[in-house]
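Report on one structure; see the data block that follows.
The values are calculated or read from the model by the stated rules, or taken from the named source; none is laboratory data. Values in this document were obtained by computation on a predicted structure and should not be read as measured data. Cβ atoms come from the backbone with ideal geometry, glycine included; neighbour counts cover every protein chain shown.
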Amino acid sequence: MRKFISILSTGIIAMGILSGCASIDKEKSESIKDETFKKVVKVVSPDGLPTIAIAKLIKEKPEIKSNYEIEYTIEKTSETLSTTVMKEEPDIAIVPSNMASIVYNKTKNYQIAGTTGFGSSYIVSTEDINNYEDLKGKNIMNIGKGLTPDITAQYIISEKGLNTESDVNFSYVNSPSELVPMIVSGKENTAIVPEPALSALMTKKENVKIFKGLNDEYKEIADSEYGYPQATIIVKNSFLEENKDFTNKFLDNVKEGIEWANDNPSELATYCGEIEVSTEKPIIVKSIERANLKFVPIEDSKDIYKNYYKKLFDSNPKSLGGNIPDEGIFMER
């Protein structure tokens with residue numbers, strides 16, 4: 001009997017030790033799992049000002065929240081940007097403001113979280129332009145016929161008293177890289193040029209003068225506090241539902257990163273070179289002052305988007321995807 005009790009006791013102790021070991025192993029396993037598992041967040045931005053705006057985040061990769069890893073992709077063309085967003089691949093993306101509407105109208109799976117940049121286009125000329133009347137009879141080069149740069153420019157010029165069909169003539173190219181050489185060569189004299197292409201132009205053609213900034217003109221005409229939204233940050237609904245805290249903290253980091261970019265153009269240019277933004281470093285430094293990089297959360301800019309979308313729709317419904325988006329496009333933090 002004593003022998004049986006002894007064997008039983010030994011068995012119980014052994015089971016306890018094994019159980020304890022199993023518990024420790026389980027804790028270790030869970031600890032390792034917590035340390036190694038990372039939720040990958042896909043963030044996409046187009047080459048140019050939108051990526052320049054968040055260059056600090058891309059370069060430094062600050063931890064937004066534990067167990068999250070951000071994968072940044074810089075799209076080199078508008079076509080690849082549009083394709084990846086339409087396929088609903090990124091969790092967060094920076095897109096042209098009208099593309100945010102197109103994507104929402106088609107997928108209903110992305111919402112506007114805020115703006116990272118406002119209008120950065122300027123009316124420039126190698127001739128003396130002192131008022132809008134001086135534009136009469138001139139050929140004005142622009143990019144994207146029927147798209148937002150064209151619609152916005154024509155709206156502003158018409159509001160300033162010119163008939164955009166009879167008083168001036170608009171000619172178009174597909175991109176700023178095509179536009180700049182035309183002014184440099186003297187083939188054309190007057191154009192609407194966005195940053196950072198404008199800074200590149202002004203380093204190559206010293207007699208180019210800025211007549212007006214379209215964003216400042218829009219502020220006055222439309223009574224818009226910040227101007228017109230150019231670069232819009234959107235978040236996938238299905239991602240937001242499960243990751244709202246991360247999203248809010250990420251947006252806070254975007255705001256801080258843009259403030260840093262405006263205050264540190266030289267260091268920003270270095271960062272942009274390291275993350276392979278195509279704009280040359282000296283041009284980035286020169287362009288920041290006129291780039292209008294600013295983060296404004298959507299709760300502070302709903303009316304700006306509504307009014308701007310109304311103007312785009314009245315001019316070209318296709319620029320918004322056929323409809324003015326409903327209230328569901330606006331993210332709630």
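Annotations
- All positions within the stretch 274-333 that are closer than 30 Å to L201 by Cα, in a loop (DSSP other than H, G, I, E, B) and among the hydroxyl-bearing types (S, T, Y): S278, T279
- I52 assigned to a strand (DSSP E or B), of a type in the set (A, V, I, L, M), touching a helix residue (DSSP H, G or I) at 6+ places or on another chain (Cβ under 9 Å) and touching a residue at least 24 places away in the same chain (Cβ under 8 Å): no
- Subset of the stretch 172-204 (residues that are within 17 Å of D150 (Cβ to Cβ), at pLDDT 95 or above and among the small types (G, A, S)): A191, A197
- Residues satisfying the stated conditions in the stretch 151-174, i.e. part of a loop (DSSP other than H, G, I, E, B) and over 24 Å from the mean Cα position of the chain (by Cα): K160, G161, L162, N163, T164, E165, S166, D167, V168
- Selection from the stretch 175-232 of residues that are part of a loop (DSSP other than H, G, I, E, B), buried (at least 22 other Cβ atoms within 10 Å of the Cβ) and touching a Phe, Trp or Tyr at 6+ places or on another chain (Cβ under 9 Å): E195, G227, Y228
- Some residue of the stretch 57-74 being part of a strand (DSSP E or B) and of a type in the set (D, E, K, R): yes
- Failed condition for K160, given (1) in contact (Cβ under 8 Å) with a residue 40 or more places away in the chain; (2) under 27 Å from G321 (Cα atoms): (2)
- Of residues in the stretch 78-105 being closer than 23 Å to D150 by Cβ and free of Cβ contacts under 8 Å to residues at least 24 places away in the same chain, the one surrounded by the fewest Cβ atoms within 10 Å (Cβ to Cβ): E79
- Of all residues making up the stretch 264-287, the number that are touching a residue at least 40 places away in the same chain (Cβ under 8 Å), surrounded by 15 or more Cβ atoms within 10 Å (Cβ to Cβ) and within 19 Å of the chain's Cα centre (by Cα): 8
- Residues in the stretch 239-268 that are small (G, A, S) and either at pLDDT below 95 or within 11 Å of F295 (Cα to Cα) (or both): G257 alone.
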